[in-house]
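A.B. asks: Could you have a look at this structure, given as structure tokens, before my questions?
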Amino acid sequence: MGEPLLEVRGLTKSFGGLIATDRMDLDVTEGETHAVIGPNGAGKTTLLSQLSGDLRPDAGLIRFVGEDITHLGAPARSMRGLARSFQITSIFKDFTALDNVALAVQAHAGSSFRFWRPARRERALREPALEVLRTVGLAERSELMAANLAHGEQRQLEIAMALATRPRMLLLDEPVAGMGLDESQRMIRFLQSLKGRQTILLVEHDMDAVFALADRISVMVYGRIIASGRPEEVRVNPEVRQAYLGEDTLL
Amino acid sequence: MILLVLEQTLNGLQYGVMLLLMAAGLTLVFGIMNLVNLAHGSLYMVGAYLATGFYQWTGSFLASVALALAATLVVGIVVEVVALRTLYERDHLDQVLATFGLILFFNELIAIVWGRAALYSSLPGWLSGHMQVLPGVRYPVYRALVILVGLVVAALLYLMVTRTRLGMLIRAGASNRTMVAALGVNIRLLYTVVFGVGAALAGLAGLIAGPIYAVQPGMGEQILIQVFVVIVIGGIGSIRGAVVGAVIVGMVDTLGRAFLKPVLSIVLSPSAADTAGPALASMLIYMLMAAVLAVRPQGLFPVR
Amino acid sequence: MARSPRALTLAAGVLMLALVPVAAELLDQPFYVDLFRRIMIFAIAALSLDLILGYGGMVSFGHAAYLGIGAYAVGVLTHHGIANGYLQWSLAILGSALVALAIGAVSIRTSGVYFIMITLAFTQMLYYLGISIEEYGGDDGMRLAVRSQFPGLLDLRNATAFYYLVLGILLLFLLLGQRLVDARFGMVIRAARSNEPRARAIGFSPYRYKLTAFVISGAMCGLAGALLVNQTEYLTPEFMHWTRSGEIMFMVILGGIGTLMGPVLGAAVFLLLEDVLSAWTVHWQIILGPFLVLVVLFAKKGLIGLVPDEAAPGG
């Protein structure tokens, strides 16, 4: 393994008295799919939000491609190749699916201080956007208002927007949350198709998804990583079983 | 000179009290119902007119105060039930525009009933004199009473929010309205009560203002916008912020108007000071607001 | 595009506006030229507000400020003997752009109800400033000695020439607005209005775009202010009164927020309504107030919502 793509050292965040992230260390290597699991309230989304720049950590260091990005905001991190999806679907509802993705392309295709030419006729934005929609399987739905897409399709659209920024790393917050069995199977297959080409940090509740996708798993309890390793190692780790798996017999 | 400074400081405090009475209601209503109520100033105006009217009618100052307070409370509740209740779930733009419409309505209604000319209400003899606040320092009895009322109301508000069941609900409602609903509390009633309290406070401010300032249509908005400055400085939804903001704004505005011109005339020519003094004094609190926002965009006491 | 009901409405509206001076001449009612010029001036102001309100989601309750700055730029220069329109109007645009930059820089850092209160408060500050400067008439205001002069181009004393100039500016701004909201820049501010966290997550820094839109909007409204003071030939701080901000905002909602034609329609209906009602009773605001509440509660799409449109994406 080479230099980690993402390095987290001593990351700490508390809300009032509650410590959501407790001196956490985490490495994600280029090309791997790394899953962070943990019981409800373990602080997984808080972690992701700190990585994406939506939340400021109280202390600690986040390094991405060798650069300290701890104090950068979300837009700057997106520019450096970090792309996130949200646990609660976050899309531009009153735009078409294609507009949604084209906006993500636009953000990474030169200046947007352009006031005259209609953006919807810029092929340099529309074509790559349509291409990404095709990859996630939404090409036929491209002209629909995002608000009118089915829940599963909206989740796919989120991933499409993230991919359209050509990220070096994807941060996915429960990508199969709230999906039916069929939908989540399709999503898992799609994410599997990205494996190897795309570095992914995945926060997930659904153990089927985690074991189908992850190269490595980190287990988070009360804001700390208590174990980290390959899926079969984590599955048998006694500390993990005790702290977390007692209630979850899936593992 | 010292005496003048002392007197103006008390005046600043007295104006701060009025701002506080207004700001407390506005910030409660915003914090709990998430409602931006521009028509809060109208309740202030209604309080002032009703007190003036009732005083002329009854001849008793105390009776007019009690009647005006009760009547403003009723007006507030009627407005809440008829118009504002439907606005809680709307966005801020809708709330602003609809309550703007209410302001136009109330200002015109008052103009129809009382006319557009300013009224000046008088004080009973026992309130119109001066009193000794410090050896050698005399201050109008009425203004001193206003300060006292303000301190009492501030204390009562504090007790209500921290000690009572209503206050507990208010604090809970502000942070988690579904939880309050789940506890079986009648949210609608709670909202109406909170709005009524806010309306009564605005009415109180208005009836206090009557004998000090001119009573006229549109008087509510003049103070309302200053109350916005108070709330922005203090932090929206925070009672503590409202108290601190009100005192700061009351002081800065009053002292600025009293002393900016003489102070400027030391540095500038008298004619330049004559022009710049009042202009600057009227802008002072807004510049203060900008300065606070530059450092703390959420105000001095941010909620959450 | 060319045959959609809205395009037809636009064409009919423009034709109608273009014919107003002719009709006024035929009917011998010069008053209508004056009224419709006033309508178009407020249409420009409302259009400028809708750019940030409807497309950018910025609830500015202080747009009268720029109306005032534009008016004062003209009035003050005239007061000092400079009646050159090119200079006056440039100053009106530049001055209001700068004020918008200052107000926007502070207020856009905040959001929601703070934004509303702050824009309102700063406008009130400018209003009090206008009142307290006796040199320029204080709260009484002052007469504009002459209208802005454009030697060799046109004479604003000619009511019809002035009318067509205002119409030309309105059409120009409609065109500029149309290009702007559909261009990359417009897409960014609309996306930020729709979902700001998402816009940030895909890499946009909304602040810069919103501030730029705020400045553009302020500059447009500043020009409307320069037109307005030439229309009334009287400079008064009342241009900046906070109720003016509310009225402009109501025009936007009444006509249809987030559209370009809506504000124009809204300005027309509002001012015609004012004209009719105020002829009927001095207390016309007692009708206007509840009317406004009803529009907000029940007709959120505005009048333009009555005209069908091909599903316009990304409102």
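A.B. asks: What's the long-distance tail for the range B:265-304, i.e. % of Cα pairs beyond 12 Å?
C.D. replies: Cα-Cα pairs in the range B:265-304 separated by more than 12 Å: 65 percent.
A.B. asks: Please report, ordered by residue number, every helix of chain B (full DSSP H runs) that is 20 Å or longer along its axis going by C-alpha atoms and whose mean Kyte-Doolittle hydropathy reaches -0.5.
C.D. replies: Values: long enough: B:2-33 (45 Å, 1.67); B:40-58 (27 Å, 0.27); B:61-82 (31 Å, 2.52); B:92-114 (32 Å, 1.47); B:141-163 (32 Å, 2.05); B:187-209 (33 Å, 1.93); B:219-234 (23 Å, 2.00); B:239-267 (39 Å, 1.49); B:270-295 (35 Å, 1.44).
In chain B, the long hydrophobic H runs are B:2-33, B:40-58, B:61-82, B:92-114, B:141-163, B:187-209, B:219-234, B:239-267, B:270-295.
A.B. asks: When the expected Rg is taken as 2.2 N^0.38 Å, what fraction or multiple of it is the alpha-carbon Rg of the range A:82-125? Walk me through the intermediate numbers first.
C.D. replies: Details: Rg = 11.9 Å, N = 44, 2.2 N^0.38 = 9.3 Å.
Relative to the rule-of-thumb radius for its length, the range A:82-125 sits at 1.28.
A.B. asks: For a distance above 17 Å, tell me the whole-number percent of Cα pairs in the range A:120-172 that qualify.
C.D. replies: When every Cα pair of the range A:120-172 is considered, 36 percent fall beyond 17 Å.
A.B. asks: So how compact is the range C:1-131: Cα radius of gyration and Dmax in angstrom?
C.D. replies: When restricted to Cα atoms, the range C:1-131 yields Rg and Dmax of 18.4, 54 Å.
A.B. asks: If I stretch the segment between B:W126 and B:M287 completely, what's the gain in nm (0.36 nm per residue apart, minus their alpha carbon distance), one decimal? Numbers along the way, then the final one.
C.D. replies: Details: separation 161, 0.36 × 161 = 57.96 nm, distance 4.00 nm.
Stretched fully, the B:W126-B:M287 segment lengthens by 54.0 nm.
A.B. asks: Turning to a different aspect of this structure: Compute the distance in nm between two label points, each set 7 Å from the Cα along the Cα-to-Cβ direction, one at B:V74 and one at C:L172.
C.D. replies: 5.9 nm
A.B. asks: Hey, another quick one. Can you give me the three principal axis dimensions of the protein assembly as shown from its C-alpha atoms, in Å, biggest first?
C.D. replies: Reported extents, whole Å, longest axis first: 88, 75, 54.
A.B. asks: Would you mind ranking C:F298, B:F100 so that the residue whose beta carbon has the fewest other beta carbons within 10 Å leads the list?
C.D. replies: C:F298, B:F100
A.B. asks: Another question about this same structure. Could you tell me what fraction of 2.2 N^0.38 Å the Cα radius of gyration of the range B:1-116 comes to, as a two-decimal ratio?
C.D. replies: In units of the globular-protein estimate, the range B:1-116 measures up at 1.26.
A.B. asks: Considering the range C:193-307, what Rg and Dmax in Å follow from its alpha-carbon atoms?
C.D. replies: 17.2, 55
A.B. asks: Taking the inverse of the average 1/r across all pairs of different Cα atoms in chain A, what Kirkwood radius in Å do you get?
C.D. replies: 18.8 Å
A.B. asks: Please report the orientation-averaged projected area of the range B:16-82, defined via the convex hull of its C-alpha atoms, in nm².
C.D. replies: Its average projected convex-hull area is 4.9 nm².
A.B. asks: Plugging the Kirkwood radius over Cα pairs into Stokes-Einstein for the range B:214-304, at a temperature of 37 °C and a viscosity of 0.692 mPa s, what D comes out in µm²/s?
C.D. replies: Values: Rh = 14.2 Å.
My calculation gives 232 µm²/s for D.
A.B. asks: So in chain A, what percent of DSSP beta bridges are antiparallel if you round to the nearest 5?
C.D. replies: So the antiparallel bridges amount to about 55 percent of the total.
A.B. asks: Exposed loop chymotrypsin sites (Phe, Trp or Tyr not before Pro) only (DSSP loop, at most 14 other Cβ atoms within 10 Å): please give the longest stretch of chain A free of them, not including the sites.
C.D. replies: Longest gap between qualifying sites, sites excluded: A:117-251.
A.B. asks: Moving on to the next point. Tally Lys/Arg at +1 and Asp/Glu at -1 over every other residue whose Cβ is under 12 Å from the Cβ of A:A214; what's the total?
C.D. replies: Spelling it out: positives minus negatives among the neighbours equals -3.
A.B. asks: Where the convex hull is taken over the Cα atoms of the range A:175-219, what is its projected area averaged over directions, in nm²? Intermediate results must be reported in sequence, preceding the final value.
C.D. replies: Details: hull surface 12.1 nm².
Answer in nm², one decimal: 3.0.
A.B. asks: DSSP loop trypsin sites (Lys or Arg not before Pro) in the range C:1-67 with at most 12 other Cβ atoms within 10 Å of their Cβ, which ones?
C.D. replies: Listed in order of number, the matching sites are C:R3.
A.B. asks: Run the reach check for A:K13 against lysines, Cα to Cα strictly under 26 Å, same-chain hits fewer than 8 apart removed. What comes back?
C.D. replies: Partners within reach: A:K44.
A.B. asks: Positive end of the dipole of chain A, charges at C-beta (+1 Lys, Arg; -1 Asp, Glu), about the Cα centre: which of A:P128, A:L171, A:L55 has its Cα farthest in that direction?
C.D. replies: A:P128
A.B. asks: Right, here's the next one. Any chance you could give the angle, 0 to 90 degrees and rounded to 10, that helix A:181-194 forms with the longest Cα principal axis of chain A?
C.D. replies: Taking the Cα atoms of chain A, the angle to A:181-194 is about 90 degrees.
A.B. asks: For the range C:227-284, what ratio Rg/Rh do Cα atoms give with a Kirkwood hydrodynamic radius?
C.D. replies: 1.01
A.B. asks: Let me ask something additional. Distance between Cα centroids, the range C:148-222 to the range C:74-145: provide it in whole Å.
C.D. replies: Cα centroid of the range C:148-222 versus Cα centroid of the range C:74-145: 18 Å apart.
A.B. asks: Kirkwood hydrodynamic radius, computed over distinct alpha-carbon pairs, for the range A:113-239: how many Å, to one decimal?
C.D. replies: Result for the range A:113-239 stands at 16.6 Å.
A.B. asks: Name all residues of the range B:32-55 having a backbone nitrogen under 18 Å from the label point set 7 Å from the Cα of B:T164 along its Cα→Cβ direction, giving them as ranges.
C.D. replies: B:32-33
A.B. asks: What area, in nm² and to one decimal, does the C-alpha convex hull of chain C cast on average over all directions? Mind dumping the intermediate values first?
C.D. replies: Working: hull surface 67.6 nm².
Value for chain C: 16.9 nm².
A.B. asks: A further question on this structure: C:R179 to C:A12: extension gain in nm, 0.36 nm per residue of separation minus the Cα-Cα distance?
C.D. replies: The span from C:R179 to C:A12 would gain 58.0 nm if fully extended.
A.B. asks: Using the Cα centre as the reference, give the magnitude of the dipole from point charges on the C-beta atoms of the range B:2-295 (Lys, Arg: +1; Asp, Glu: -1; all else neutral), rounded to the nearest 20 debye.
C.D. replies: 580 debye
A.B. asks: For chain B, what is the per residue volume of the convex hull drawn over the alpha-carbon atoms, in cubic angstrom?
C.D. replies: 150 Å³
A.B. asks: Something else now. More than 25 angstrom separation, counting every C-alpha pair in the range A:1-123; what % is that?
C.D. replies: So the portion of pairs separated by more than 25 Å is 36 percent.
Computed from the coordinates by the stated procedures, all read-outs in this text should not be read as laboratory data. Since we're looking at a predicted model, the values are computed, not measured. When we count neighbours, we look across all protein chains shown, and the Cβ atoms used for this are built from the backbone with ideal geometry, even at glycine.
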